[in-house]
Amino acid sequence: MSRIDEITRYVVAEFAPDIRADELDADYDLLDNGVVDSLGLLRLIGWLGERYDLPVDDIDLAPEQFRSVRAVDAFVESALVKGPAL
Amino acid sequence: MGDHLSGLVDSRAKGTALTFNGADVSYRELRALVGDAARVLQRLPGGRPVGLRVRKSPESVALVLACWAERRPFLLPPYDLGVDASAALYRQAGCGHVLHADLTTVDTGEPADEVPDLDGVGPLLTTSGSTGLPKVVPLPDTGVDRFTDWAAGAFGITGGSVVFSYAPLNFDLCLLDIWTTLRHGGHVLLADQERALDARYLLRAFTHARVEVVQAVPLFYRRLLEVADSPFPGVREVVHTGDAIPPELLARLPEFFPNARLRNVYGCTETNDSLIHDSDPTSGDPVPIGSPIDGVQARVDGGELLVRTPFQAGRYLDTAITDRWVDIDGETWLRTGDLVRRDADGVFHLDGRADHQVKVRGVRTNLRQVEQALQAHGEVADVVVLAVPDDEAGYRLHAVIRAVDGTRPNSLTLRSHCARLLPRTAVPSSVELTADEFPRTSTGKVDRKKLLAERV
């Protein structure tokens, strides 16, 4: 399973369990549509930190980075490239 | 313009006025920003209010100050209010233009012939209503003046005072932490409302300067204490407001704020701060909402708290909404909707709500308004929105939907629909489709308690 599929599955299970993963478009705006609220964002970031071993406590996080599944995937990609924070 | 401005920002003030995301803005720089915004306002046709679509930042603070200086009433809805609802509010207030923090302006296209009377009004704030739209609360400048005078005295805000501002810019709380402070030459640390739950960000913002006064909802203190590893001895006033502070959280505040007076402030957008109480962190009981502050009158009618304050709006912009403002012996009072009891010392305690309002992340939210928004969706036959208690949010909203026959709306389409009509805090966190009839009480009303009990 690709990382983007994995993120989609998590978002659907956590925030919209009544839909199928293939019904959530990777570019769907999760924030403007009220699917992920500010507390939900913290849960999502916590999950990303554990699942992909990212030092999320040390990264400067902006909500924009989590606007859609594709944006989340890009965030993970760039965090992995940078490697663990010193 | 300069003359007016001196009443809004202390004209002699020097040094730092604002800090935002690590960057300081001096009073000199703030005055320049206000001047830029004022010149944009001067180019717009007069006699009409403007709409502001802004989040908290030095530029948006300057824009608000410029509106005041130019005596231009300004509608300040929540930044995350749905676009359809925002447009309806701009129409209701007669706004000809909407301004953004970067001073770009958008013509609303609304005709100029239906501008309500806003003589003496500065801010037009919003609060949750039971109809589909938020209610617009026009605040008189005289009330704002009286409030900032009171707040400066009550919390000792003077030149050089460092005050932390947590609430979004559209909240009445900013009258205390931002507008009172700037009028008296203090230094405001602005928390970015987009990062309001990011504990490490909050700690950085809070420790940028030696904060003396802080006002925030309980959620802020919970977040801050999660990451703080040493106390804040410089803080002398801690105000918790907007929602009942859990006793276990209150009990931990003295360790982190050893030199602070801890107080609960109770108020609402319509009347501003009304009651105040010295919180006892050792009691373990729910904190009372308090006693009337100077000049405020309070009474109880059928268990419901009524207040009359020197700061109040006295009306909604839509004068057809009359259920809350009542005339008693020629005076205008607000029915708060809060059910209270008064103890032997005259202190008020909160027992609950007379209507369907709850606080979601500190924001007053009317369940009826959310239900009306959902009901307006073509595939929704019937809906009940439940407020499910939540440790962090206070409450989270859960919608139970009966769909129109042959349709199957999903939680994404329904929440997108709500997001156009409601503030983000009012969009349900979860949506459930059911084929069952809703349970009814003996009087035929939907049995919300039963629905809730089945789901908690």
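The values are calculated or read from the model by the stated rules, or taken from the named source; none is laboratory data. Predicted model only: the values in this text are computed from it and were never measured. Every residue, glycine among them, receives a Cβ derived from its backbone with ideal geometry; neighbour counts consider all protein chains shown. Heads up: the accessible areas ignore ligands, DNA and RNA and are worked out on the full protein's heavy atoms, side chains in. Shrake-Rupley method; radii C 1.70, N 1.55, O 1.52, S 1.80 Å.
Please give the total accessible area that chains B and A bury against each other, computed with a 1.4 Å probe and expressed in Å² to the nearest 100. List each step's numbers first, then the result.
Values: alone 19200 and 5440 Å², together 22880 Å².
That pair of chains buries around 1800 Å² in total.
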* Provide the per-residue ³J(HN,Hα) series for region B:200-206, in order, calculated from phi with Karplus coefficients 6.51, -1.76, 1.60 and θ = phi - 60°, each as a whole number of Hz, with x at glycine and proline positions. => 5, 4, 4, 5, 4, 5, 6
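Under 12 Å from the Cβ of B:Tyr79, count the other residues' Cβ atoms, weight Lys and Arg +1, Asp and Glu -1, and hand me the total. Kindly include the intermediate steps, with their values, before the conclusion.
Values: positive: B:Arg53, B:Arg55, B:Lys56, B:Arg424; negative: A:Asp32, B:Asp80, B:Asp192, B:Glu194.
It works out to a net charge of 0.
Tell me, in nm to one decimal, what length is gained between B:Asp24 and B:Thr434 on full extension, where the rule is 0.36 nm per residue of separation less the Cα-Cα distance? Before the final figure, lay out each step's value.
Details: separation 410, 0.36 × 410 = 147.60 nm, distance 5.33 nm.
Computed gain between B:Asp24 and B:Thr434 is 142.3 nm.
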* DSSP beta bridges in the protein assembly as shown [antiparallel fraction, %, rounded to 5] -> 65
* Asked: With each pseudo-label sitting 7 Å past Cα toward Cβ, what's the B:Val326-B:Arg299 distance in nm, one decimal?
  -> 0.9
* Asked: What accessible area, in Å² to the nearest ten, does a 1.4 Å probe give for B:His377?
  -> 30
* What's the extension gain from B:Asp149 to B:Ser230 if we count 0.36 nm per residue and subtract their Cα-Cα distance? -> 25.8 nm
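Please report the equivalent ellipsoid semi-axes of chain B, computed as sqrt(5 x eigenvalue) of the Cα gyration tensor, largest first, in whole Å. Can you show the working numbers first?
Details: eigenvalues 229, 159, 99 Å².
In descending order, the three semi-axes are 34, 28, 22 Å.
Looking at the square roots a ≥ b ≥ c of the eigenvalues of the Cα gyration tensor of region A:3-82, which shape do they give, rounded for a/c under 1.5, prolate if a/b is larger than b/c, or oblate? Let's see the in-between values first.
Numbers: a/c = 1.71, a/b = 1.49, b/c = 1.15.
Here region A:3-82 falls in the prolate category.
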* Structure fact -> So, with points 7 Å from each Cα along the Cβ direction, the B:Val106-B:Thr441 label distance in nm works out to 4.2
* To do: Place +1 on the Cβ of every Lys and Arg and -1 on the Cβ of every Asp and Glu in region B:357-453, take the dipole about the Cα centre, and give the residue among B:His417, B:Gly362, B:Val400 whose Cα lies farthest towards its positive end.
  => B:Gly362
* To do: State whether the protein assembly as shown is rounded, prolate or oblate according to the following rule on the C-alpha gyration tensor (a ≥ b ≥ c being the square roots of its eigenvalues): a/c under 1.5 gives rounded; otherwise a/b larger than b/c gives prolate, and the remaining case gives oblate.
  => rounded
* **Nitroxide proxy distance, nm - points 7 Å out along Cα→Cβ at B:Gln375 and A:Glu23** => 2.5
* Selection from B:Ser429, B:Thr127, B:Leu103 lying farthest towards where the dipole of chain B points positive, charges on Cβ -> B:Leu103
* Structure fact -> Contact-by-burial set, region A:29-62, min loss 10 Å², accessible area of protein heavy atoms with 1.4 Å probe, reference chain alone, gives A:Leu31, A:Asp32, A:Asn33, A:Gly34, A:Val35, A:Asp37, A:Ser38, A:Leu39, A:Leu42, A:Asp57, A:Asp60, A:Leu61
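On average, how much accessible surface per residue is there in chain A, in Å², for a 1.4 Å probe, leaving out ligands, DNA and RNA? All intermediate terms of the calculation are to be shown ahead of the outcome.
On the way: 4540 Å² over 86 residues.
Value returned for chain A: 53 Å² of accessible area per residue.
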* Just check region B:357-453 against the gyration tensor rule for me: Cα atoms, a ≥ b ≥ c as the square roots of the eigenvalues, rounded for a/c under 1.5, and otherwise prolate or oblate depending on whether a/b exceeds b/c. => oblate
* Could you pull out the longest piece of chain B with no exposed loop GluC sites (Glu not before Pro) in it, calling a site exposed if DSSP puts it outside H, G, I, E, B and it has at most 11 other Cβ atoms within 10 Å? => B:1-436
* Asked: Excluding ligands, DNA and RNA, what is the solvent-accessible area per residue of region B:85-197 at a probe of 1.4 Å, expressed in Å²?
  -> 31
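Roughly how many debye, to the nearest 20, is the charge dipole of chain B about its Cα centre, given +1 on each Lys and Arg Cβ, -1 on each Asp and Glu Cβ, and no other charges?
Details: 50 positive and 61 negative charges, 136 e Å.
Value, rounded to 20: 660 debye.
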* Carbon + sulfur, % of accessible area of chain B - ligands and nucleic acids excluded, 1.4 Å -> 47
* To do: Compute the label zone of A:Glu77 within region A:41-70: residues whose backbone N is under 11 Å from the point 7 Å along Cα-to-Cβ.
  => A:70
